[in-house]
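See structure below.
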Amino acid sequence: MQEKIKLIAGQKLITNKDFEVAIAQKTTITAMQNGMQIRPASTIIGYNDDSIRMSDGSIIHRAANSFFV
């Protein structure tokens with residue numbers, strides 16, 4: 001039986017599975033760069049190995065930023 005991933009406040013999204021769960025749950029995500037929030041908090045609508053697409057239409061480089069619940 002596969003264990004369900006639960007996202008909790010303050011958790012950093014790292015793996016593809018984390019991003020898939022955030023998309024499925026429509027979790028509001030904060031994008032951070034060097035400890036500063038770079039965009040208003042928004043939900044994720046898509047991702048790939050290089051970038052994250054936010055629901056506001058912005059595309060954020062995945063390797064240069066951190067994403068938190």
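Could you list, in sequence order, the residues of segment 8-54 that are closer than 13 Å to F68 by Cα, part of a strand (DSSP E or B) and of a type in the set (S, T, N, Q)?
If the condition is that a residue be closer than 13 Å to F68 by Cα, part of a strand (DSSP E or B) and of a type in the set (S, T, N, Q), then T28, T30, Q33, Q37, S42, T43 are the ones that fit.
Collect the residues in segment 55-69 that are part of a strand (DSSP E or B) and either farther than 17 Å from I5 by Cα or acidic (D, E) (or both), keeping them in residue-number order.
I59, I60, H61, S66 - these are the residues of segment 55-69 that are part of a strand (DSSP E or B) and either farther than 17 Å from I5 by Cα or acidic (D, E) (or both).
Just to be sure I understand, how many residues within segment 25-36 are in contact with a strand residue (DSSP E or B) (Cβ under 6 Å, 6 or more places away or on another chain), surrounded by fewer than 12 Cβ atoms within 10 Å (Cβ to Cβ) and not basic (K, R)?
Selection size over segment 25-36: 0.
The conditions are (1) within 11 Å of the chain's Cα centre (by Cα); (2) more than 14 Å from K6 (Cα to Cα); (3) exposed (fewer than 13 other Cβ atoms within 10 Å of the Cβ), and I52 fails exactly one of them. Which is it?
Exception for I52: condition (3).
Could you identify the single residue in I38, I8 that is touching a residue at least 60 places away in the same chain (Cβ under 8 Å) and more than 12 Å from the chain's Cα centre (by Cα)?
Only one candidate passes the filter, namely I8.
Read the figures in this text as sums done on the coordinates, not as results from a lab. On a predicted model such as this, the values are computed, not experimentally measured, just so you know. When we count neighbours, we look across all protein chains shown, and the Cβ atoms used for this are built from the backbone with ideal geometry, even at glycine.
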